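Worksheet: the structure to be examined is printed underneath.
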Amino acid sequence: MTRYGLICLLLGSVSWGQATSPTFPLPAVHQPATPTAATQDPAPDQRQHLRRPEVSPDAPVITISGLCGASSENKAASSACKTVITRAQFEKLIDAIEPNMPARARQEFALRYADALVMSKKAEQMGLDKTPDYREQMKLAHVQVLSQELKKSIQGKVFRISDKDIEDYYRGNIAKFEKAEMERIYVPKTRQLLPVSGDKLSDAGRQQRSSESEQAMKDVAYNLRARALAGEAFATLQADAYTAAGVKNANSNPAVSLRRTSLPPNQVSVMNLKPGEVSSVFEDSNDFVIYKIKSKDTLPLNQAREEIKATLSSQRMQDEMRRIQDSATLSFDDSYFFRGRLPGSPAKPGEPTKASATPHLGDLE
């Protein structure tokens, strides 16, 4: 499902309708004029006049002339009738799809919804709602809507996080909220090498050259760490690291503020250092890294509250969905879904792999 949940489900064919420029009669949508430099930032006393007027729940907000509520064989009568959607009716639809839909998106949705109403009425007149394809698609729509409603119901429960739950999580995971002001040196693993004159290097030659370059930069990293232990400024050391690697115009500011959770797993031990201590040389895929702790602190509970709430909600949502998915099992007929290879043999590139033992209800959305 997209950002607005069921919009794609309800209006799945609208993009086709826009691409082919439908000629069904729709009310004109009056877009506001593009603001000029003089009107982009109105004075405070003018803003009151620019506010959208209050619209009563019973007031029509969408009117489609020529769209009848019931099918009519009389063309004259059909052209005279109209379909009216009030504010209350439109907002009821929005609440069922995406209650927090922004105002600008609501205007776009209203246009597409009106378009789809006209198209669906024409489809009914053509008898397309009596076809086998329509019935099968409605079965799938039934599954999708209920699956989405289940998720919404679960979210309504798991997002209710008590203050006690937040405080218990904070106390039980206090290390996750440690933060440190530190300095960091990045030493690129390889130098920016100049092209070799003459014959081109073979694959083995390029590999050897790359290996020698990485070893040279590793030696640079350990030399820089020794200078850091001796008290040299990290800004100077970072600049020297980039110079050794042939990197120009790089940011040499080593100051960073990091938490345990933002560090790569192999570098989390940095948080165990005391202020003033220098780390060992860490290695990742592209760099050698050296840290020096300046100060340490712990994020207070009032600043961590929303983060904890989001973490607990996500965990509970995953747990609940997993519990539902684990309540049923499925299996596939390999002779149908995995044609062209024997069961148990490796899948070819681009070929679907065998399904797990548990269903994934969300995959239908």
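A short reminder: the numbers here are calculations on the coordinates, not readings from a lab. Note that the coordinates shown come from a computational prediction; the quantities given were computed from them, not determined experimentally. No Cβ is skipped: glycine too gets one built from the backbone with ideal geometry, and neighbour counts run over all protein chains shown.
Per-structure values
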item	result
Added length on full extension, which subtracts the Cα-Cα distance from 0.36 nm per residue, residue 302 to residue 315	2.6 nm
Amide hydrogen neighbours beyond the local backbone of residue 86, cut-off 5 Å, H modeled	61
Extension gain (nm, one decimal) between residue 261 and residue 81, 0.36 nm per residue minus Cα-Cα	58.5 nm
Distance (nanometres) between label positions extended 7 Å along Cα→Cβ at residue 134 and residue 253	6.3 nm
Likely footprinting exposure, 183, 178, fewest C-beta neighbours within 10 Å first	178, 183
Phi-based couplings in Hz for the stretch 94-101 (Karplus 6.51, -1.76, 1.60; Gly and Pro marked x)	4, 4, 6, 9, 7, x, 9, 4
Estimated distance in nm for a label pair at residue 328 and residue 61, the labels positioned 7 Å out from Cα along Cα-to-Cβ	3.6 nm
At R0 = 45 Å, FRET efficiency that the Cβ-Cβ distance of residue 162 and residue 92 yields, to 0.05	0.90
Label-point separation, residue 283 to residue 145 (7 Å along Cα→Cβ), nm	5.9 nm
Residues 319, 333, sorted so that the one with the fewest Cβ neighbours within 10 Å comes first	333, 319
Phi-based couplings in Hz for the stretch 165-170 (Karplus 6.51, -1.76, 1.60; Gly and Pro marked x)	4, 5, 5, 5, 5, 4
Taking 140, 263 and counting other C-beta atoms within 10 Å, the order from fewest to most	140, 263
